[in-house]
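Just below is one structure, and these are the notes that go with it.
Please treat every number below as a calculation from the coordinates, not as lab data. Note that the coordinates shown come from a computational prediction; the quantities given were computed from them, not determined experimentally. For neighbour counting, all protein chains shown are included, and Cβ atoms are generated from backbone atoms with ideal geometry for every residue, glycine included.
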Amino acid sequence: MQEVRHYLQFKDFTREEYEYLFARTRWIKERFKRYEPYRPLNDRTLAMVFEKHSTRTRVSFEAGMNQLGGSVITLMTRDTQLGRGEPIEDVARVITRMVDIVMIRTFEHEIIERFAEYSRVPIINGLTDEYHPCQILGDIFSYIEHRGSISGKTVAWIGDSNNVCHTWMQAAKIFDFNFHVASPPGYELEPERGESYESVHLEVFNDPMEAAHGADLVTTDVWTSMGFEEETNERKQVFADFCVDAEMMAAAKPDALFMHCLPAHRGEEVESEVIDGPQSVVWDEAENRLHTQKALMEYLLLGKIKN
Ligand code: CP
Ligand code: NVA
């Protein structure tokens with residue numbers, strides 16, 4: 001039997017696989033824009049397990065699977081036996097006998113790894129405390145759509161070195177771009193994550209203006225991620241100088257783009273003059289979650305298809 005492929009971290013796929021996925025995404029997106037049905041996943045079922053809130057991930061996976069001809073079951077932890085302490089290994093064994101593919105949004109990354117270990121079908125990471133690969137899949141596709149290849153470019157991350165930041169770091173190595181990270185003291189990249197990346201791709205700054213200097217893309221995220229809510233007040237003070245405003249965008253290249261995975265807090269990590277301004281591509285970024293994840297599900301379930 002062929003080994004089941006999962007998508008748990010960005011580094012699970014090679015550059016060549018990403019090039020393939022982006023080519024498929026373009027094809028799928030064009031057909032979708034022309035209202036031409038494409039239903040290769042007829043009779044396939046996606047189960048989604050949410051242990052945290054979601055808007056974009058839920059809608060993009062659900063709409064995407066329906067558009068590909070399949071169906072979707074959405075499970076919120078609190079409504080299932082998981083919420084009453086059923087072991088994740090048992091849940092994985094049961095669910096994956098009934099459906100063809102599973103997307104999970106959860107807390108510690110180790111939970112999704114355990115789920116995948118007991119799964120008979122592909123598992124997709126829809127966000128863990130440590131990683132958010134589907135987000136960066138859509139973000140890099142969006143960058144390429146707007147500006148062409150991201151290789152050799154500079155991406156500046158301003159703020160919390162969180163799950164989205166870790167995933168950008170993995171992407172920097174695969175796509176060979178420079179990744180600048182500026183976080184306040186006490187919230188820097190964890191050394192063990194930084195160390196596993198070649199320094200040629202990663203540069204760490206204390207000053208966000210320096211990190212943004214000369215960047216081709218400036219990106220940020222909320223100061224407090226899901227699961228860390230009790231730190232909100234403290235973080236608001238510590239991160240006060242890490243707001244992406246017009247001055248920071250002016251330090252980047254004149255044609256720099258701004259991205260944010262959303263949801264955003266205007267007046268905290270980003271000013272509305274930036275996120276609602278001409279350099280922002282956040283709505284394309286959100287839309288591309290749909291198209292890239294359709295290509296991802298097609299690849300995990302059907303393998304490579306000739307365009
Ligand atoms: N960016 C993102 O994953 O959004 P949701 O939390 O709304 O799914
Ligand atoms: N870092 C954020 C991303 C939300 C899409 C969080 O984990 O809450």
Among DSSP beta bridges whose residues both lie in the chain, state the antiparallel percentage, nearest 5.
-> 0 percent
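Given an 8 Å cut-off on Cα distances and at least 6 residues of separation, report the relative contact order of the chain as a percent.
On the way: 568 pairs, mean separation 59.2, N = 307.
Averaging sequence separation for qualifying contacts and normalising by length gives 19 percent for the chain.
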Go through segment 12-20 residue by residue and turn each phi into a ³J(HN,Hα) via Karplus (6.51, -1.76, 1.60, θ = phi - 60°); whole Hz please, and just put x for glycine and proline.
-> 5, 10, 8, 4, 4, 5, 5, 4, 4
Place the peptides 67-74, 5-12 in order of packing, highest mean first, counting for every residue the other Cβ atoms within 10 Å and averaging per peptide.
-> 5-12, 67-74
Range in the chain, longest, excluding exposed GluC sites (Glu not before Pro) [loop by DSSP; at most 10 other beta-carbon atoms within 10 Å] = 4-197
Exactly which trypsin sites (Lys or Arg not before Pro) in segment 264-307 are in a DSSP loop and have at most 13 other Cβ atoms within 10 Å?
-> Lys304, Lys306
Between Rg and the Kirkwood Rh of the chain, both from Cα atoms, what is the Rg to Rh ratio?
-> 0.96
Too-long pairs where the Cα-Cα distance tops 22 Å, listed order kept, from Lys11/Lys306; Lys173/Lys294; Lys29/Lys304 | Lys11/Lys306; Lys173/Lys294
Rounding to the nearest 20 debye, state how big the charge dipole of segment 1-130 is about its Cα centre with +1 on each Lys and Arg Cβ and -1 on each Asp and Glu Cβ.
-> 700 debye
Taking amide hydrogens as modeled 1.01 Å from N in the peptide plane, which residues meet the under 5 Å criterion relative to Ser280, leaving out close sequence neighbours?
-> Phe258
Please work out whether segment 1-58 counts as rounded, prolate or oblate from its C-alpha gyration tensor, where a ≥ b ≥ c are the square roots of the eigenvalues and a/c under 1.5 means rounded, while otherwise a/b larger than b/c means prolate and anything else oblate?
-> rounded
